[in-house]
1. Tally the residues that are buried (at least 17 other Cβ atoms within 10 Å of the Cβ) and either within 14 Å of another protein chain (Cβ to nearest Cβ) or part of a helix (DSSP H, G or I) (or both), restricting the search to the range A:204-216.
2. Against the conditions (1) in a loop (DSSP other than H, G, I, E, B); (2) within 29 Å of residue A:428 (Cβ to Cβ); (3) away from chain B (no Cβ under 12 Å), where does residue A:248 fall short? Just the number, please.
3. Within the range A:75-95, can you find the residues that are farther than 19 Å from residue A:332 by Cβ and assigned to a loop (DSSP other than H, G, I, E, B)?
4. Report yes if residue A:116 is within 14 Å of chain B (Cβ to nearest Cβ), touching a residue at least 40 places away in the same chain (Cβ under 8 Å) and surrounded by fewer than 20 Cβ atoms within 10 Å (Cβ to Cβ), otherwise no.
5. On the given criteria, is residue A:98 assigned to a loop (DSSP other than H, G, I, E, B), more than 14 Å from chain B (Cβ to nearest Cβ) and within 18 Å of residue A:325 (Cβ to Cβ)?
6. Go through (1) within 24 Å of residue B:139 (Cα to Cα); (2) touching a strand residue (DSSP E or B) at 6+ places or on another chain (Cβ under 8 Å) for residue A:216 and report which single condition fails.
7. Among the residues of the range A:66-74, is there at least one that is in contact with a helix residue (DSSP H, G or I) (Cβ under 6 Å, 6 or more places away or on another chain), more than 10 Å from chain B (Cβ to nearest Cβ) and in a helix (DSSP H, G or I)?
8. Starting from the range A:172-198, take each residue that is more than 27 Å from residue A:316 (Cα to Cα) and list its partners that are loosely packed, with under 14 Cβ neighbours inside 10 Å and at pLDDT below 95, counting only C-beta distances under 7 angstrom and pairs at least six apart or across chains.
């Protein structure tokens with residue numbers, strides 16, 4: 001002992017240095033001391049939702065109320081910026097630290113379901129007798145989260161797009177959107193041309209109508225909607241293959257090509273059509289859902305909502321496809337956490353009216369459909385009528401890769417001028433190869 | 001003092017029956033936290049990346065060891081080959097012009113003229129904002145009916161140019177925007193090199209009757225050899241690693257029709273959008289090998305040029 005002190009003194013001759021070393025040792029020892037374990041019965045669930053400022057205050061109130069009603073459950077609630085959410089979720093699951101409760105879009109849930117991340121809904125924990133007791137409370141919303149006959153999540157927002165017309169631009173062109181809005185895709189170009197202003201070169205200086213080209217999923221949604229109108233499926237339910245090399249696919253794609261190259265109404269080279277409508281630079285836009293109403297009011301825009309056009313010979317009377325955000329539970333969480341997570345989800349769903357009226361998150365639940373907020377605007381009924389007719393856009397594993405291939409083909413046809421007859425079979429095969437690989441990996 | 005300490009340590013060792021901790025090793029203990037940090041956050045990820053490149057891994061399920069299959073598949077992967085070609089084109093456009101133009105700018109600002117510092121500060125401005133901000137600004141400038149089109153249209157009457165929606169123009173736009181921000185940065189490095197050239201050598205060349213061109217060719221350039229190599233290496237590495245510009249500025253992150261898809265962007269897509277982390281790691285390893293080879297080649301060529 002004396003020898004060791006001698007060594008310390010010889011190495012650290014200054015008393016202050018020795019004192020600092022001893023203090024550091026104490027701090028390290030204190031930090032590494034075992035922390036008193038939490039109460040054995042307490043379950044802590046991690047809830048990750050992406051940022052949506054109007055919803056966060058409600059989230060916090062729900063957490064407080066839930067913890068009060070369930071003193072044995074603690075909620076660790078995290079709000080994650082929208083742009084980082086998918087990546088953070090993925091890396092968390094990769095490192096085994098994924099949340100117990102999380103949300104995602106209906107387009108991406110298939111990947112998570114294939115990887116067996118999603119726990120099937122626990123009706124008992126939710127407090128419902130069975131699936132019917134739950135789904136009968138909703139007009140629609142579960143088709144995007146049903147796999148192999150089971151449902152794996154609860155809708156916290158269900159959306160479908162409709163068309164919004166800028167009344168001032170329509171009036172300036174001598175048109176009334178209520179009466180003159182085209183009912184068919186075939187009639188649309190002529191009407192929209194009347195709203196379009198062009199320069200001497202024929203370049204639109206104000207577009208009458210355009211699609212939301214910068215949105216990666218717009219093409220997927222619109223194409224699928226057009227397939228559905230023709231009575232077909234973009235992803236064949238029998239073969240499981242993507243069907244862009246069919247007459248229905250060729251017709252849907254050709255419509256978009258003609259919109260840009262034949263009628264020159266717009267195209268991928270232009271900016272965000274939603275922003276352009278809100279800024280009064282675009283006559284008509286068809287990618288806002290119910291969430292568009294408060295945005296129109298904020299922008300002080302006089303608007304009219306109309307259903308999406310159909311093909312003149314449409315087999316199905318549907319507008320645009322539906323999509324949803326689901327609250328899901330991690331199948332890899334401990335059983336106690338899963339039960340607690342579903343209980344939390346139930347409390348979340350029970351606040352549907354508040355989430356709709358204060359945060360604009362619409363779920364077609366009975367109490368929402370009869371709420372004062374729902375009845376306050378007649379346009380909401382029109383949008384929900386379209387939602388009743390809508391099918392869900394297909395969700396497949398490898399969605400992003402398949403969409404990228406589709407967009408590459410779109411660019412080759414629209415901007416590269418390559419004929420659809422040669423591009424479509426090639427990208428269709430490429431998409432099916434990517435899809436087969438994603439399915440095989442998921443199956444493995 | 002040190003001798004006494006060593007003697008004391010030796011005595012202590014004898015008393016405790018084990019060798020003392022030699023004072024010379026204490027330095028290592030002090031740097032250990034940094035070494036551990038570096039090992040955990042830098043060295044381990046590199047080796048883990050190598051390991052992942054040998055697996056089939058979707059991030060959601062455990063990785064499956066598949067040997068060199070990912071590398072074999074890359075040879076026939078159209079997307080990878082497209083990204084490789086795009087990257088090489090981008091690297092050429094983002095290095096040679098940058099090397100030459102930044103040197104030219106440095107030579108200009110090495111001269112004494114009225115308002116030099118103000119002009120130099122303005123010239124340096126593109127270096128200051130983050131790459132994301134630069135990309136967003138250029139997105140506005142390159143709107144089909146925006147300022148860039150108006151400028152060109154003033155000469156030829158064209159009122160719409162799809163800068164970012166055309167498979168030829170979009171990759172060129174990426175190079176122009178990159179170079180716009182990179183040239184002022186590398187100019188500073190050249191300027192530092194020029195400042196280090198002794199004035200006596202230049203004066204001697206003037207006395208010998210050397211003109212401006214001869215002085216540059218026979219005096220400045222040879223003495224800027226190490227600066228030249230540094231600029232070439234850094235510009236090449238930066239260009240190979242380009243990601244943010246293509247991610248933010250291009251249509252659909254790599255479009256149109258994959259014409260701006262570079263290797264850095266492909267790694268991101270494979271890893272975080274396509275759930276193909278094994279392929280992403282394999283592309284990263286290939287990128288690493290290419291960058292290392294090109295840099296070594298540059299260094300080797302640099303030794304032999306002068």
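1. 7
2. (1)
3. A:81
4. It is true that residue A:116 is within 14 Å of chain B (Cβ to nearest Cβ), touching a residue at least 40 places away in the same chain (Cβ under 8 Å) and surrounded by fewer than 20 Cβ atoms within 10 Å (Cβ to Cβ).
5. Taking the combined requirement at face value, the residue does not satisfy it.
6. For residue A:216, the exception is condition (2).
7. Yes: one or more hits.
8. Pairs that qualify, where the first residue is more than 27 Å from residue A:316 (Cα to Cα) and the partner is loosely packed, with under 14 Cβ neighbours inside 10 Å and at pLDDT below 95, are A:197/A:205; A:198/A:205.
The values are calculated or read from the model by the stated rules, or taken from the named source; none is laboratory data. Here the structure is a predicted model, which is why all the values come from computation and not from measurement. Cβ sites come from the backbone with ideal geometry, for glycine too, and all protein chains shown count toward neighbours.
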